[in-house]
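Visitor: Mind looking over this structure? Questions follow.
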Amino acid sequence: MKALKWWLAVLSVAALPVHAADFKLGFINIERVYREAGASVAIYKKLDKEFAGRRDELKKMESRAKELESMLGKSSLSADDRKRYEREFAGLDRDYRAKSRELAEDYNQRRNEEFASVTERANRVVKDIAQREQYDLILQEAVYINPKFDLTPQVLKELDK
């Protein structure tokens, strides 16, 4: 679907060479909006606070795993101690992987929920700019774009109002 939209945009641009002087093109770097907009920065800070406890728990698990690895590296361990440490290490590794995967999934889900409003607002701002300044086409993705067509700074400024 995305490829179809892209091709339609290319064809529409190619079909208008006679009216090229009238054609107004713009570009928005949405990733930059997600990184730099005030609302985006606030979202990242909020998510960092929300997930800090779980990240701290993972760090503690990492520390314990390093301790166990160090103990297992000693040749002076009895067979019983070695087995106990190996079992603990294996269980810790399994728990760490599961919790790490859960954290990543939960974080991504929350980030997507929070950024839905930023995306919606950014799209409204882009449409307002397009209508106000009479743009014919504004793209969000491109392999290369001349910086003179980049409307991202203007969008960021309007988003932060």
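The values are calculated or read from the model by the stated rules, or taken from the named source; none is laboratory data. The structure presented is a predicted model; accordingly, all values stated were derived computationally and were not measured. Cβ placement follows ideal geometry from the backbone for every residue including glycine, while neighbour counts extend to all protein chains displayed. With ligands, DNA and RNA removed, areas are computed over all heavy atoms of the protein, side chains included. Shrake-Rupley method; radii C 1.70, N 1.55, O 1.52, S 1.80 Å.
Visitor: Which value, in debye to the nearest 20, describes the size of the charge dipole of the stretch 89-144 about its Cα centre when Lys and Arg Cβ atoms bear +1, Asp and Glu Cβ atoms bear -1, and nothing else is charged?
Guide: Using Cβ point charges on Lys, Arg, Asp and Glu, the stretch 89-144 gives about 120 debye.
Visitor: Among residues other than Lys60 whose Cβ falls under 12 Å from its Cβ, what is the net charge (Lys/Arg +1, Asp/Glu -1)?
Guide: Surrounding charge for Lys60 is +1.
Visitor: Now for a different question. Quick one: how many lysine pairs in the stretch 56-161 have C-alpha atoms under 27 angstrom apart, if they're 8 or more apart or on different chains?
Guide: 16
Visitor: So which residue, out of Leu47, Leu77, Leu139, gets the largest mean-square fluctuation from a GNM of the chain using Cα contacts under 10 Å as springs?
Guide: Leu77
Visitor: How long is the gain from Glu133 to Arg82 if the chain were fully straight, where each residue apart is worth 0.36 nm and the alpha carbon distance is subtracted?
Guide: That works out to 11.2 nm of additional length.
Visitor: Right, something else. With N residues in the stretch 49-114, what two-decimal value do you get for its Cα radius of gyration over 2.2 N^0.38 Å?
Guide: Compactness ratio reported: 1.44.
Visitor: Can you give me the three principal axis dimensions of the chain from its C-alpha atoms, in Å, biggest first?
Guide: Sorted from largest, the Cα extents of the chain read 85, 33, 25 Å.
Visitor: Now a separate question. Working with all protein chains in place, sort Ser76, Ser70 by solvent-accessible area computed with a 1.4 Å probe, largest first.
Guide: Reading off the accessible areas and sorting them downward yields Ser76, Ser70.
Visitor: Lys66 versus Arg124, label points 7 Å from Cα toward the beta carbon: distance in nm?
Guide: In this crude spin-label approximation the distance works out to 4.7 nm.
Visitor: Helix 38-72: angle to the longest alpha-carbon principal axis of the chain, degrees 0 to 90, nearest 10?
Guide: 30 degrees
Visitor: On a 0 to 90° scale, report how tilted helix 79-132 is relative to the longest principal axis of the chain, with both axes built from alpha carbons and the result rounded to the nearest 10.
Guide: It works out to around 10 degrees.
Visitor: Now for a different question. Can you find, among Asn112, Pro147, Leu137, the residue sitting farthest towards the positive end of the charge dipole of the chain, where Lys and Arg contribute +1 and Asp and Glu -1 at Cβ?
Guide: Positive-end residue among those listed: Asn112.
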